[in-house]
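Asker: Got a structure here, written out as structure tokens. Questions coming.
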Amino acid sequence: MSTLASGTISEIHGQEMPSESVRALVIQILFPFLLAGFGTVLAGMLLDVVQHWDVFRNVTEIFILVPPLLGLKGNLEMTLASRLSTAVNVGRFNSSSEKWNLITGNLALKQVQATVLGFLAALVASALGWILEEELIVNHVALLCCCSIVTAFTASLLQGIVMVGVIVGSKKVGVNPDNIATPTAASLGDIITLGLLAVISQEPYPYITYLVCVVFLCLTPMWVILSFRHSDSQKLLFSSWEPVITAMMISSLGGLILDRTITDPKLEGVVLYSPVINGVGGNLVSIQASRVATYLHFHCPLGELPDDAKGFYSPCHNFCTTGPNGRSAQVLLTLAIPGHLVFIYTIYLIQGSPDPPTAVFIFFYLAAAFTQVFLLLGIVDVMVHCLWKWGRDPDSFSIPYLTALADLLGTGFLTLCFLLMSLVT
């Protein structure tokens, strides 16, 4: 295996693990992180525009649907990126047949998951809307289901192909895919998914959407067969539903909060900034999850923990250590504040607002964003190690939970931020 950054090579758990300098780590993370952040900025601005479209006003359950659909990039794209990044780092891409069977099986698995999750997300959004409004409109349920399935399927296929290209390309140029794959997936995920949802829901001939939805559902058996091309994706076809469905439910709670903010003038900016704070938090914690999973793959067999993780383990452990996971956690936490400042002023410049963001808004927003990222980076270390100890591959199980928590915490803290601003100003 080629080194992924300058540094020494150590022999750990029978394999070579490249070490990275802090400088190499920052350089590799920074560009994909900013690219992903600008993607969330565009998604937030798009959501701020389409919230005034007739279909979004008439079918308000769409707002409950937005976070779980955007969360599919964490449930599916980032999980795929993490699995394939680990496969590259441990040398499973060295064999051409192994590589393409692994890619085909994982892409097919992802399409099955996207179809099922799109359908379930629409049902959950309809049920929550029914509970809140005490009214269930069958036409709205049908529209939500079809839009959700077509959006999830199409976005998943497009992003999956791009993701494979990024990971294969990173291996060829000697860049660690753990650092760039998940934020690259995130940079495309929000804007593609939200754009597709907006366009499909506005379709003037709904029967076309219904027909396409039926075709995609009929393709499911083919994807199931293709997922059997590799033993890993075959196992995941049966074992991976718990985290992605649970994550979808958690994201739906964030959608419920978002739906409640639409009608409150005090919370007007939540729609614009929620994709940004949720996306940035999810991007940063996904990088850390992927890196910690790769570290465990090198250091110990599944079900056993390395010596430094045995006994009492503090969530703040990584912020105080100089090991590879500690350095990456410190770098990622450090990027949160300047990154959000860049994204706040990018929104201001693109919108052409006459008044710049106020100091009060910046203070509360950055406090919310920093708290979200700090909590997530503390949770990720404990979660990944626990999953590993319980014999569950964190590449497949951790990121869905973490990105869903990023959605819930981000939307919740952002709403609190605007409520506090209304009391101060």
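Asker: Among N89, N139, N106, which one shows the biggest mean-square fluctuation in a GNM of the chain, springs joining Cα atoms closer than 10 Å?
Answerer: N139
Asker: How much accessible area does I337 have with a 1.4 Å probe, in Å² rounded to the nearest 10?
Answerer: Per-residue accessible area (I337): approximately 50 Å².
Asker: Taking the Cα centre of segment 57-194 as origin, sum charge times position over the Cβ atoms of Lys and Arg (+1) and Asp and Glu (-1), and report the length of that vector in debye to the nearest 20.
Answerer: Dipole about the Cα centre, nearest 20: 740 debye.
Asker: Another question about this same structure. Given R₀ = 22 Å, FRET efficiency for T371-K172 by Cβ-Cβ distance, to 0.05?
Answerer: On the way: r = 39 Å, r/R0 = 1.78.
Efficiency, rounded to the nearest 0.05: 0.05.
Asker: Provide, for q = 0.12 Å⁻¹, the log10 of I(q)/I(0) from a solvent-free Debye sum over equal Cα point scatterers in segment 345-425.
Answerer: Debye intensities relative to I(0), on a log10 scale: -0.50.
Asker: Let me ask something else. Expressed in nm to one decimal, what extension gain is obtained for the pair T358 and T104 from 0.36 nm per residue of sequence separation less their Cα-Cα distance?
Answerer: 86.5 nm
Asker: Return the FRET efficiency for the residue pair K266, C386: r is the Cβ-Cβ distance, R0 is 56 Å, and the value is rounded to the nearest 0.05.
Answerer: Plugging the Cβ-Cβ distance into 1/(1 + (r/R0)^6) gives 0.90.
Asker: In nm, to one decimal, how far is the Y345 label point from the E135 one, both placed 7 Å along Cα→Cβ?
Answerer: Simple spin-label model gives 4.7 nm for this pair.
Asker: Per DSSP helix of 4 or more residues, -39500 (n - 2.57); summed, then divided by the residues of the chain. What does that give at 222 nm, rounded to the nearest 500?
Answerer: Mean residue ellipticity, 222 nm, calculated: -26500 deg cm²/dmol.
Asker: Further, regarding this structure: Going by a ≥ b ≥ c, the root eigenvalues of the Cα gyration tensor, does segment 288-425 fall in the rounded group (a/c under 1.5), the prolate group (a/b larger than b/c) or the oblate group? Walk me through the intermediate numbers first.
Answerer: On the way: a/c = 2.64, a/b = 2.47, b/c = 1.07.
Judged from the Cα gyration tensor, segment 288-425 comes out prolate (a/c at least 1.5, a/b above b/c).
Asker: While we're on this one: Based on the alpha-carbon gyration tensor of segment 163-246 and its eigenvalue square roots a ≥ b ≥ c, which shape applies: rounded if a/c is under 1.5, prolate if not and a/b is larger than b/c, or oblate? Write down the numbers at each step before the final one.
Answerer: Details: a/c = 2.26, a/b = 1.32, b/c = 1.71.
It comes out oblate by the Cα gyration axes.
Asker: How many Lys pairs in the chain lie less than 16 angstrom apart by Cα atoms, where the lysines are 8 or more positions apart or on different chains?
Answerer: Numbers: K73/K110; K99/K171; K99/K172; K110/K235; K310/K389.
Going through the chain pair by pair, I get 5.
Asker: Can you give the extra length, in nm with one decimal, that the chain gains between N94 and E304 once fully stretched, where that is 0.36 nm per residue apart less the Cα-Cα distance?
Answerer: Numbers: separation 210, 0.36 × 210 = 75.60 nm, distance 2.64 nm.
Fully extending the segment from N94 to E304 adds 73.0 nm.
Asker: Which sequence of M249, M163 reflects their accessible areas, 1.4 Å probe, from the largest down?
Answerer: Ranked list, largest accessible area first: M249, M163.
Asker: Let me ask something additional. Compare the Cα positions of L258, L296, G282 along the charge dipole of segment 192-305 (+1 at Cβ of Lys, Arg; -1 at Cβ of Asp, Glu; about the Cα centre) and return the one farthest towards the positive end.
Answerer: L296
Asker: Heavy-atom accessible area per residue, the chain, 1.4 Å probe: how many Å²? Write down the numbers at each step before the final one.
Answerer: Working: 16880 Å² over 425 residues.
Accessible area per residue: 40 Å².
Asker: Using a 1.4 Å probe over the heavy atoms of the protein chains, calculate the carbon and sulfur portion of the accessible area of the chain as a whole percent. Each step should come with its number before you reach the end.
Answerer: Details: 11490 of 16880 Å².
Exposed carbon and sulfur together represent 68 percent of the surface.
The values are calculated or read from the model by the stated rules, or taken from the named source; none is laboratory data. It should be emphasised that the depicted structure is a prediction, and the values quoted were computed from it without experimental measurement. With ideal geometry, Cβ positions are generated from the backbone for all residues, glycine too; neighbour counts draw on all protein chains shown. In case anyone asks, the SASA skips ligands and DNA or RNA and just uses the protein heavy atoms, side chains included. Shrake-Rupley method; radii C 1.70, N 1.55, O 1.52, S 1.80 Å.
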